[in-house]
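The values are calculated or read from the model by the stated rules, or taken from the named source; none is laboratory data. As the structure is a prediction and not an experimental result, all values here were calculated from the model. As a convention, Cβ positions derive from the backbone with ideal geometry for all residues, glycine included, and neighbour counts pool all protein chains shown.
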Amino acid sequence: MEAEHIHKLLMIREMNGHQYTGHETVYGDKKSEKAALFSRGSKVAHSCRPNLAYTSKTRHGGLEYRACRPIAPGEMITFSYDDELWTKNTLERRAHLLETKNFICNCPRCQGLDDTSAVRCPRDACVGFARPDISPGNLESTSGRWVCGACGPLDAEAVAVLCKHERSMLMRLLPLKAAAYESTGNDVASPSAVRAVAEGASKLLSPVHWIVSISYELLSTFCVHHATAAKRAKARGVPVPAPHGSEAELHSDAAEAAARHVRICECIAAQCCGGGECEREHTTVHECAKAVFVLAHELRQLKPRQRSAPVVALVERYLPHIEILYGKGDMADVLKMLEETSGKPKPDARSEAEMAADWLGGMNLVGGPARAAPQAVVTPRSNSSEDRGSGAKKKGKNGKR
Ligand SMILES: [Zn+2]
Ligand SMILES: [Zn+2]
Ligand SMILES: [Zn+2]
């Protein structure tokens, strides 16, 4: 076989292959290594605000695509080739997609305002949020222009202030992020250090800035780590110092932090700068299904009365997404946890119509069975009205799976 031909085959696998799990368990130690090519599936385009999710856990061996938000007539159907859509800013997403999929993303989200980089406007008395002005196809740096949703383009002095704020928070986050990968056991940094970065960045930058979202994700990881270390020490009969809280408190903090991370992602997807502090209930975000699945397992470590009701409600909202990602078999523990919490059994044999209704409910879609095209809900890309929000609080991979 010619080298050129081998290269072509490898590129097809890399660019168009879907991770294929079938009915395998995909969490825990048994990670699926399978991939498959689908003649129609490989034609579905990428978007950084996708309208489809898909599963390979089907009875017929094919892929099943499901709408994860309303799709307008004539709108292109898209899913995401990147798992970390809501914690990467536009330039990072573009760089990642160029590296892994060989294209520069100019989807509507990439061409619009970069909400993941939103920073509070540094102008006195302005309660808006400024975002970098990124030209289509730009890969390396922004034009240096920032535009506030409330008061318009910022001058160089204001831009320098907000860039300084962003850099200062990044310098605090980076060593903690490195510690998450390098340390083991009790060496892992204190959750309170990460919490301070998350809360500080939320005030100084914005509640939806990617540094805030990543900090809450990291906070959850650190809490899980310390809870696991405490559990092991207890099992060995070693007296357990609890500088970061009891094992139950750590599991609870881990679930709360992960839920906050998910709510921030939902706000970003809805082009809202509330960042989990807002009281609006946004549409669920399929790419967060894994995070919710993991936090559901943190809730399982707690007694039912210790589980936070809003976090339990979040898990319930994500059941349709968890089912797509992990299939029914892997969901049993999550359903059991919800049953224990509510004291009511969850139906395990649901009809397709019931599943479709659940699915639509989970997606906050308006009426209609799953197969009918849902009514498009037009959310205007707002600037000042969304920026101001509704209350005082507001002032403020995988390739194809
Ligand atoms: Zn994009
Ligand atoms: Zn402003
Ligand atoms: Zn919001």
(message) Of all residues being surrounded by 17 or more Cβ atoms within 10 Å (Cβ to Cβ) and in contact with a strand residue (DSSP E or B) (Cβ under 8 Å, 6 or more places away or on another chain) in region 128-146, which is modelled with the lowest pLDDT? Just the residue, please.
(response) T142
(message) Anything in region 274-331 that is within 15 Å of the chain's Cα centre (by Cα) and within 16 Å of ligand 3 (Cβ to nearest atom)? List them, or say none.
(response) G275, G276, H282, T283, T284, V285, C288, L314, R317
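Quick grid of which residues meet (1) among the β-branched types (V, I, T); (2) within 27 Å of H282 (Cα to Cα); (3) not in a helix (DSSP H, G or I):
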{"site": "S206", "(1), (2), (3)": "no, yes, yes"}
{"site": "S213", "(1), (2), (3)": "no, yes, no"}
{"site": "H225", "(1), (2), (3)": "no, no, no"}
{"site": "A229", "(1), (2), (3)": "no, no, no"}
{"site": "A233", "(1), (2), (3)": "no, no, no"}
{"site": "G237", "(1), (2), (3)": "no, no, yes"}
{"site": "A242", "(1), (2), (3)": "no, no, yes"}
{"site": "G245", "(1), (2), (3)": "no, no, yes"}
{"site": "E249", "(1), (2), (3)": "no, no, no"}
(request) Check L91, L85, L98 and return the single one that is closer than 24 Å to G17 by Cβ and more than 16 Å from the chain's Cα centre (by Cα). (result) L98
(request) Of the numbered conditions (1) more than 16 Å from ligand 2 (Cβ to nearest atom); (2) more than 16 Å from S206 (Cβ to Cβ), T87 fails exactly one; give the number of that condition. (result) (2)
(request) Test L113 against the stated conditions and say whether it is hydrophobic (A, V, I, L, M, F, W, C), within 16 Å of ligand 2 (Cβ to nearest atom) and under 24 Å from W146 (Cα atoms). (result) yes
(request) State which residue is nearest to ligand 1 (Cβ to nearest atom) when the search covers only region 107-126 and only residues that are part of a loop (DSSP other than H, G, I, E, B) and at pLDDT 90 or above. (result) C107
(request) Identify, by number, the condition in (1) away from ligand 3 (no atom under 16 Å from the Cβ); (2) at pLDDT 95 or above that P241 doesn't meet. (result) (2)
(message) Taking the criterion of being part of a helix (DSSP H, G or I), crowded, with 23+ Cβ neighbours inside 10 Å, β-branched (V, I, T) and modelled with pLDDT of 95 or more, would at least one residue in region 276-292 satisfy it?
(response) yes
